[in-house]
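Contents: one structure, followed by commentary.
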Amino acid sequence: MFNSFKFTPEKQAEAEKPLTTEIKLEIFRHSKKENDPNRLNSELLLTPEGRELAHDKGLKMNPDINVAVAGASPMDRTAETAMLIMGANEENIGVNDSLEEMDKKISEEIKVGKKIYRDERLAFNLDGPIEAEGMAAFKAGRYMDWLANESDMLAITKGDNISTTYLRQAGNIAEIVDKYSKVGNNFNRLAIDKKKEGEEFPSHLERYLATHQSVAEPFLAEVIKEQSGAKARDEFIADLKNGWTETEGIHINILNKGQEQTIKLAYQDNGEQREIEVAKETIQKIIRRRISFEDAIKSSMNVADKIRA
């Protein structure tokens with residue numbers, strides 16, 4: 001795939017310097033979906049307007065499909081969104097192509113590797129005991145406030161080990177970011193090895209992950225709380241109401257200079273572009289909080305079982 005070339009001593013010395021590599025990670029809500037009361041929510045796909053919106057968003061992101069992979073929840077509207085964004089610069093991919101058609105066209109052009117994967121952590125679930133409260137908050141336009149301030153304790157009280165909650169979603173996205181942080185270190189080492197061997201090799205990777213409203217927002221809210229305080233987090237939550245609009249999300253830049261790594265988040269807040277440099281310990285804290293929350297759920301369920309016994 002990549003051509004080789006011979007090193008001069010000067011090139012050898014250059015190759016031994018710390019190499020800069022980058023992972024571009026985009027996490028965003030899916031585009032506009034159908035509104036069909038005769039179909040299950042999980043079956044709803046993108047509208048024609050939604051397809052155009054995803055394509056236009058992709059053009060702004062300027063993806064390079066040679067180094068890109070799309071990720072999605074199990075629902076096809078997220079996969080459609082991710083593929084339309086990732087393939088926005090490809091002339092043979094049209095906005096009216098089905099998911100299967102896009103996958104086939106990309107696979108024919110890019111022979112190595114799978115270009116889309118599914119991840120349950122990008123999904124949501126309100127089928128557990130706290131469903132009624134969650135739906136009521138959504139209808140009232142205060143779903144993010146309910147998630148942040150009520151959902152976790154309510155789930156513990158009711159022993160809900162199924163439904164989406166604030167810490168579950170924050171922890172899920174933190175795990176994904178942590179995964180790509182590790183990928184960034186491994187990718188940099190590989191790039192260094194390839195350079196030493198005199199091979200051309202890409203300096204960056206791109207990942208386009210489509211999810212649902214309220215899934216990625218808790219992670220960003222927890223980052224803001226950890227690094228800027230609870231007041232800043234509450235202000236961010238208050239402005240969100242039910243969560244991000246279609247195709248809105250966060251840009252995460254994972255930059256390696258050798259094994260020295262920085263992680264930066266960029267997002268829109270009330271029309272203003274904001275950026276945060278995230279400490280790796282912040283990501284680990286969010287993951288640990290989710291684990292502690294799940295342990296509390298198990299404890300509450302064990303207590304309830306003993307009472308019923």
> Label-point separation (nm) for Glu199 and Glu281, each offset 7 Å from Cα along Cα-to-Cβ?
Replying inline: 3.8 nm
>> Tell me the relative contact order for the stretch 18-308 as a rounded percent, counting alpha carbon contacts under 8 Å between residues six or more apart.
In response: 28 percent
>> For a test of the definition: using alpha carbon positions, the gyration tensor, and the 1.5 limit on a/c, classify the stretch 68-226 as rounded, prolate or oblate.
In response: oblate
> Given (i) 41, 24, 20; (ii) 36, 25, 18; (iii) 31, 24, 17 as candidate values of semi-axes √(5λ) of the Cα gyration tensor in Å, which corresponds to the one derived from the coordinates?
Replying inline: (ii)
>> Please compute the modelled spin-label separation between Asn125 and Glu248, points set 7 Å along Cα→Cβ, answer in nm with one decimal.
In response: 2.8 nm
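Taking 35 Å as R0, compute the FRET efficiency from the Cβ-Cβ separation of Asp295 and Asn89 and round it to 0.05.
0.15
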> Over the Cα atoms of the stretch 190-309, what Rg and Dmax result, in angstrom?
Replying inline: 19.6, 69
> In debye to the nearest 20, how big a dipole does the stretch 18-308 give about its Cα centre with +1 on each Lys and Arg Cβ and -1 on each Asp and Glu Cβ?
Replying inline: 900 debye
>> What is the angle, in °, between the Cα long axis of helix 99-109 and the longest principal axis of the Cα atoms in the chain? Nearest 10 is fine, range 0 to 90.
In response: 20 degrees
>> Using only Cα atoms and rounding to the nearest 10 degrees, what angle (0 to 90) does helix 230-240 make with the longest principal axis of the chain?
In response: 90 degrees
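Roughly speaking, what is the stretch gain from Lys114 to Gln259, that is 0.36 nm per residue apart minus the C-alpha to C-alpha distance, in nm to one decimal?
Gain on extension, Lys114 to Gln259, equals 49.5 nm.
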>> Quick check: the angle from helix 280-308's long axis to the longest principal axis of the chain, C-alpha only, nearest 10 degrees?
In response: 30 degrees
>> For a 20 Å ceiling on Cα separation, which of these pairs sit above it: Lys225/Lys264; Lys139/Lys241; Lys57/Lys104; Lys182/Lys298; Lys105/Lys179?
In response: Lys57/Lys104; Lys182/Lys298; Lys105/Lys179
> Among Gly271, Gly184, Met61, whose Cα sits farthest toward the positive end of the charge dipole of the chain (+1 at Cβ of Lys/Arg, -1 at Cβ of Asp/Glu, about the Cα centre)?
Replying inline: Gly184
>> I want to check the label-to-label distance for Ser228 and Lys182. Put each point 7 Å from Cα in the C-beta direction and report it in nm to one decimal.
In response: 3.0 nm
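Any read-out appearing in this document is the output of simple, stated calculations on the displayed coordinates, not a laboratory observation. From a predicted model like this one, the values you see are computed outputs, not experimental measurements. Neighbour counts are summed over all protein chains in view; Cβ atoms, including those assigned to glycine, are modelled from backbone coordinates with ideal geometry.
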